[in-house]
Amino acid sequence: MPERIRRRPAGPLPEGLPGDLHPVLRRVYARRGLQDPAELDLSLRRLLPPDGMADLDTAASALASALRRQERIAVVGDYDADGAAATALTVLALRRLAVALGTDPEQIRFLVPDRFGLGYGLSPAVVERLRPLAPQWLVTVDNGVTSLEGVAAAQQAGMRVVVTDHHTPGECLPPAEAVVDPQRGDDAFPSSSLAGVGVALYLASAVRRALEADGGFSRTPPNLAELLDLVAVGTVADIVPLDHNNRILVEQGLRRIRAGAGRPGVRALIEQAGRTPSEATATDLAFAVGPRLNAAGRMDDMTAGVDCLLAEDAEVARTRAAELDGLNRQRREVEAQMTEEALASLEAQAEEIGLGVCVAAEGWHQGVTGILAARLKERFHRPAVAFAPAADGQLRGSARSVPGLHMRDLLARLDRDAPGVVACFGGHAMAAGLTIPADRLAAFREAFAAALAEALGGELPQMRVDTDGALAAEELSLETASALRYGGPWGQGFPEPRFDGVFGIRRVRACRGGHLRLELTPADSGSPVWPAIAFGGVAQGWDRLTGPVRAVYTPEVNRFRGAVSLQLRIDFMVQEHG
């Protein structure tokens, strides 16, 4: 077996698992380290209580009082899918709570700073933009934990601030009324993996509890579980680890979508991608809803994405979703051009590429640097940073990492060792954003290389493809694919099942976009025949493959023109030797 393919170890399964659990799922769960049958219980009764979440009660009490007094509240979001979902959820929850109190829901407004003019997070410029609304309170969602200057500017302008975020704080917390962030060093909430929209849900629920404890409502209070589809969208799109708590949030949101009880905008986005809401999975949120929402923030203004999620009318939602789909098509065109230019530049100096890739060019689009960095990371199997020109002589970039390297910590190390090279940065283990002065690009490349050398010991982590072992021919069935499809939700930290095996190739043809359509057979016979697809030319040099191949694949349920069949999605394929 090729060294790059590694089978996940299987541990013992706990007692008490359902007797009708599909045998392939049993093996998959064993390779996910399942410790307790309760981990498969994704009902809301298993959702973690908010115990230990620092500043949550303070934030809830402040906002409950603000709602009762009909004080003006502005929600300040982020321009990615998680930020859009968190903004929509917070606005909807606060407005519904206001209605239940008998106060004016229009006291709650929102602003998502555009990445081109205002940049990320609550900044003094955002505070100035908000002045015409004269908000008395600002609530940040999916941002704010590093916005020391922005919070100070808001306070000077007479605005009080509640920060909700899930990013890593800096050395000091902002001087807000409350800072709710499970990444705080003093936070005792058992799950630090909440997405921004997850934190927003916990805050909204706490505000409702605070209002119930202090006078109650004049009308029926809202059921905030109705907003769980938004939580599922943001959690999946932000690629946070799917621990048990996040899997509950995602699964409960998906159940609402499948039952036709989700937001009109979420349904419209799924349909816009040609998928079926009643059969939605986390994969649909990741590859259909997330990219279309993100396209608004990348290409234009995330207000369009939030408006789609806020839409109450199905026809309005479909119109908004079609607009987002158009932006996503535009994003793909820009991405293809930037990727082509970046690859041409890098391949011309292939021998000089070190432990990391760093690219920049005039005319590149700021909103697409994150996707470009991800493409380069996949192509060269190493950390990648992509920059595009920004205002005021700066370059704004996105960084993507590889397993075993924490990107935000790497940038912190770089900033420590080469002060002044990076103007600002923030992010997570696998992804980060940063801004540098344009005239410091060469210095950044040098400091990036040095930081990588120190962090990696001069050697890249070996890139591996993890699998759940082999499937017998009789297990390659539509029944198995269906069981796997709904056995998740799958995602970061609870990876989608994939298997490896040796196959013969009966037929292969190239399709548009570099995709391959294949017909695979058992290596030792010509039947049965399994249809397969490999996206993006997974099998490089496929036209030269002869004899048996080893493929890493996922059995999928394929629906086409009313027919339902088994299809293997190929993630990796190489010639089998010996």
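FYI, it's all coordinate maths here, none of it is from the lab. Being a predicted model, the structure only gives us computed values, none of them experimental. Cβ sites come from the backbone with ideal geometry, for glycine too, and all protein chains shown count toward neighbours.
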- Report the full-extension gain for the segment Arg209 to Ala450: residue separation times 0.36 nm, less the Cα-Cα distance, to one decimal in nm. 81.7 nm
- Two-site label geometry, Arg561 and Ala322: point separation in nm, points 7 Å out along Cα→Cβ: 2.6 nm
- Note on the structure: Expressed in nanometres to one decimal, the distance between label points 7 Å along Cα→Cβ at Ala442 and Arg416 is 2.8 nm
- Going out from 0 in 5 Å bins, what whole percent of all Cα-Cα distances in segment 1-63 drops into each bin? 3, 13, 16, 14, 12, 9, 10, 8, 8, 5, 1, 1
- Item | Stokes-Einstein D for segment 130-204, Kirkwood Rh over Cα pairs, 37 °C, 0.692 mPa s (µm²/s) | 261 µm²/s
- In Å³ and rounded to a whole number, note down the convex hull volume per residue for the Cα atoms of segment 351-456. 93 Å³
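Among 82-94, 124-136, how do they line up from the highest to the lowest mean number of other beta-carbon atoms within 10 Å?
Descending packing order for the listed peptides: 82-94, 124-136.
Run through the DSSP bridge list for the chain and note the antiparallel percent, rounded to the nearest 5.
Details: 48 of 73 bridges.
Percentage antiparallel, nearest 5: 65.
Once you have the Cα-Cα distance between Glu226 and Leu44, take 0.36 nm times their residue separation minus that, and quote the gain in nm to one decimal. All intermediate terms of the calculation are to be shown ahead of the outcome.
On the way: separation 182, 0.36 × 182 = 65.52 nm, distance 1.24 nm.
So the chain would gain 64.3 nm between Glu226 and Leu44.
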- Task: Would you mind checking which residues have amide H under 5 Å from Gly491's amide H? H placed 1.01 Å from N; only 5 or more apart, or other chain.
- Result: Glu496
- Highest average packing first - 414-426, 65-77, 225-237, Cβ atoms within 10 Å: 225-237, 65-77, 414-426
- Note on the structure: So the pair-distance distribution of segment 399-536, from every Cα-Cα distance in 10 Å bins, comes to percents of 10, 26, 22, 19, 17, 7, 0
- Task: Would you mind working out the magnitude of the charge dipole of segment 351-456 relative to its Cα centre, with +1 at each Lys and Arg C-beta and -1 at each Asp and Glu C-beta, to the nearest 20 Debye?
- Result: 340 debye
- Evaluate the Kirkwood expression for the hydrodynamic radius of the chain, namely the inverse of the mean inverse distance over all pairs of different C-alpha atoms, and round to one decimal in Å. 25.1 Å
- Message: Please list, ordered by chain and number, the residues whose modelled amide H lies under 5 Å from the amide H of Gly144; skip anything fewer than 5 residues away on the same chain.
- Response: Leu122
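Quote the charge dipole size of segment 281-333 about the Cα centre in Debye, to the nearest 20; the model charges only the Cβ of Lys and Arg (+1) and of Asp and Glu (-1). List each step's numbers first, then the result.
Values: 7 positive and 10 negative charges, 63 e Å.
Dipole size: approximately 300 debye.
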- Task: Output the relative contact order of the chain, whole-number percent, from Cα pairs under 8 angstrom with separation of 6+ residues.
- Result: 12 percent
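Work out the FRET efficiency for Thr58 and Cys424 from their Cβ-Cβ distance, taking R0 = 25 Å, and round it to the nearest 0.05.
Numbers: r = 28 Å, r/R0 = 1.11.
It comes to 0.35.
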- Stretchable slack from Glu474 to Ala361, in nm (0.36 nm times residue separation minus alpha-carbon distance): 35.5 nm
- Message: Placing unit charges on C-beta atoms (Lys and Arg positive, Asp and Glu negative, everything else neutral), compute the dipole magnitude of segment 46-326 about its Cα centre in debye, rounded to 20.
- Response: 640 debye
